[in-house]
Amino acid sequence: MSEFRLIQISDPHLARRHTTLTENFHRLSEYIDAKRPDVVIDSGDMAFDAPTSPDDLAFAKSLHAALPVACRYLPGNHDVGDNPTAVGPKPSHPVSDQRLHAYHAIFGEDRWRFEAAGWCFIGLNSLVMNTRLAHEAEQFDWLASQLSTLNGKPLALFLHKPLFLNAPDDPELPDTAIRYVPMPARSRLVDMLNAVDCRLVASGHVHQRRDFTRGHTRHVWAPSAGFVIADTRQEVIAIKETGLVEYRFQPDAFEVRHVRAPGQVDIDLDSLLARTA
Ligand SMILES: [Fe+2]
Ligand SMILES: [Fe+2]
């Protein structure tokens, strides 16, 4: 296969009670049906909020299973709980073995590797990082073994949280530490990626569309498929809109297109929270 087409969706935050988010997901599904990529990757927060509404996981899975193209998944903090940080407050719903088991039972593996068009694609569970759960050490061991068998192939990495705002050594701040892969796991991961030919790091989580290159690595923040977060709740870093990201990989090259599916609308988080309050 000389070309591999991939669509990344992220943060659809699906729940039976939020029908407007389901409508946005249907618009994505229609777009995917028209484009028929080789694979769809959802980079996390498939559920609106599984830690407080466990049924959201199964509802989200049912909609993803109905997509017309095979889909790979990665967990988000609203699927499995959040990771602790060195400087921020303790998460109200931390990652736990119990929440991970619930995720595995519905969505399956939370890390994966595959190869296509001369590239290696790896997906990681960014929420176990810095947790000291056995699952974190297992994943780092697994990643080391995967990276040792790249055989010079370029790497495209997918995970829910961006590695950092602008640089690996950006200081962690209490208000925003939960936005990125936490230290010191971040440093360990970045060191591992620096030892291979990592060309792309694709993430979600922030609900802002961003695309920048640092060194020879392109960092793509996929927008939310479902909703945007008002400026009063979250600073503006990039573009606040709903949408998706399309990629075309060829041996030694790739293209990125930032897209909005026809009919996809910008729903404000505040309007969703007001409806359930
Ligand atoms: Fe999200
Ligand atoms: Fe998230």
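Being open to solvent by 30 Å² or more (accessible area, probe 1.4 Å), of a type in the set (Ser, Thr, Tyr) and either at pLDDT 95 or above or away from ligand 2 (no atom under 16 Å from the Cβ) (or both) narrows it down to one of Ser224, Ser187, so name that one.
Answer to the check: Ser187.
Starting from the stretch 62-76, keep only residues that are within 13 Å of His104 (Cα to Cα) and open to solvent by less than 20 Å² (accessible area, probe 1.4 Å), then list their pairs with residues that are in a loop (DSSP other than H, G, I, E, B) and hydrophobic (A, V, I, L, M, F, W, C) whose Cβ atoms are within a distance under 9 Å, requiring at least 6 positions of separation or different chains.
Correct list of pairs: Leu74/Leu124; Leu74/Leu159; Pro75/Met46; Pro75/Val95; Gly76/Met46.
Keeping to the stretch 196-221, report how many residues are part of a loop (DSSP other than H, G, I, E, B) and more than 16 Å from ligand 2 (Cβ to nearest atom).
Quick first cut of the stretch 196-221, residues part of a loop (DSSP other than H, G, I, E, B) only: 196-197, 204-208, 215-216.
Okay, now just the ones that are also more than 16 Å from ligand 2 (Cβ to nearest atom), so 196-197, 215-216.
Residues that pass the stated criteria total 4.
Yes or no, residue by residue, for (1) at negative phi; (2) at pLDDT 95 or above; (3) of a type in the set (Phe, Trp, Tyr); (4) within 16 Å of ligand 2 (Cβ to nearest atom):
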| position | (1), (2), (3), (4) |
| --- | --- |
| Phe59 | yes, yes, yes, no |
| Ala66 | yes, yes, no, no |
| Tyr73 | yes, yes, yes, yes |
| Gly81 | no, yes, no, yes |
| Pro89 | yes, no, no, no |
| Asp97 | yes, yes, no, no |
| Ala116 | yes, yes, no, no |
| Gly123 | yes, yes, no, yes |
| Ser126 | yes, yes, no, yes |
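Tell me which residues, restricted to the stretch 24-54, are surrounded by 21 or more Cβ atoms within 10 Å (Cβ to Cβ), within 16 Å of ligand 2 (Cβ to nearest atom) and β-branched (Val, Ile, Thr).
Ile41
Please work out if Ala230 is closer than 25 Å to Phe121 by Cβ and not hydroxyl-bearing (Ser, Thr, Tyr).
Working: closer than 25 Å to Phe121 by Cβ: no; not hydroxyl-bearing (Ser, Thr, Tyr): yes.
Judged against the criteria, Ala230 is not a match.
Residue by residue, here is whether (1) more than 16 Å from ligand 1 (Cβ to nearest atom); (2) polar (S, T, N, Q) holds:
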{"site": "Glu3", "(1), (2)": "yes, no"}
{"site": "Asp11", "(1), (2)": "no, no"}
{"site": "Phe48", "(1), (2)": "no, no"}
{"site": "Ser53", "(1), (2)": "no, yes"}
{"site": "Ala60", "(1), (2)": "no, no"}
{"site": "Arg72", "(1), (2)": "yes, no"}
{"site": "Gly81", "(1), (2)": "no, no"}
{"site": "Lys90", "(1), (2)": "yes, no"}
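For the subset of the stretch 249-277 comprising residues that are of a type in the set (A, V, I, L, M, F, W, C) and part of a helix (DSSP H, G or I), which member is nearest to Trp119 (Cα to Cα)?
The initial filter retains those residues of the stretch 249-277 that are of a type in the set (A, V, I, L, M, F, W, C), namely 249, 253-254, 256, 259, 261, 265, 267, 269, 272-274, 277.
Pick out the ones that are also part of a helix (DSSP H, G or I) and you get 269, 272-274.
Values: Leu269: 36, Leu272: 39, Leu273: 41, Ala274: 44 Å.
Top of the filtered list is Leu269.
Which of the residues spanning the stretch 13-37 are within 16 Å of ligand 1 (Cβ to nearest atom), hydrophobic (A, V, I, L, M, F, W, C) and more than 17 Å from the chain's Cα centre (by Cα)?
Those that are within 16 Å of ligand 1 (Cβ to nearest atom), hydrophobic (A, V, I, L, M, F, W, C) and more than 17 Å from the chain's Cα centre (by Cα): Ala15, Leu21.
Return only the number of the condition from (1) within 15 Å of ligand 2 (Cβ to nearest atom); (2) hydrophobic (A, V, I, L, M, F, W, C); (3) open to solvent by less than 40 Å² (accessible area, probe 1.4 Å) that Ile237 does not satisfy.
It fails just one condition, (3).
Considering only the stretch 181-195, state which residues are over 14 Å from Ser148 (Cα atoms) and free of Cβ contacts under 8 Å to residues at least 40 places away in the same chain.
Ser187, Val190
Criterion first (within 14 Å of ligand 1 (Cβ to nearest atom), under 19 Å from the mean Cα position of the chain (by Cα) and of a type in the set (Val, Ile, Thr)) does Val40 satisfy it?
Numbers: within 14 Å of ligand 1 (Cβ to nearest atom): no; under 19 Å from the mean Cα position of the chain (by Cα): yes; of a type in the set (Val, Ile, Thr): yes.
In short, no.
Take Asp79 and tell me if it is touching a helix residue (DSSP H, G or I) at 6+ places or on another chain (Cβ under 6 Å), within 20 Å of Ala222 (Cα to Cα) and buried (at least 20 other Cβ atoms within 10 Å of the Cβ).
Values: touching a helix residue (DSSP H, G or I) at 6+ places or on another chain (Cβ under 6 Å): yes; within 20 Å of Ala222 (Cα to Cα): yes; buried (at least 20 other Cβ atoms within 10 Å of the Cβ): yes.
So Asp79 passes the test.
Please state which of the following conditions Asp170 fails to meet, knowing it meets all the rest: (1) within 19 Å of Val245 (Cβ to Cβ); (2) touching a Phe, Trp or Tyr at 6+ places or on another chain (Cβ under 6 Å).
(1)
Just one of the numbered conditions (1) more than 16 Å from ligand 1 (Cβ to nearest atom); (2) closer than 28 Å to Glu255 by Cβ; (3) touching a residue at least 60 places away in the same chain (Cβ under 8 Å) is not true of Arg111; which one?
(3)
The values are calculated or read from the model by the stated rules, or taken from the named source; none is laboratory data. Values in this document were obtained by computation on a predicted structure and should not be read as measured data. A quick note on method: Cβ atoms are made from the backbone with ideal geometry, for glycine too, and the neighbour counts reach across all protein chains shown. Each accessible area value is taken on the protein alone, full model and side chains, heavy atoms only, with ligands, DNA and RNA left out. Shrake-Rupley method; radii C 1.70, N 1.55, O 1.52, S 1.80 Å.
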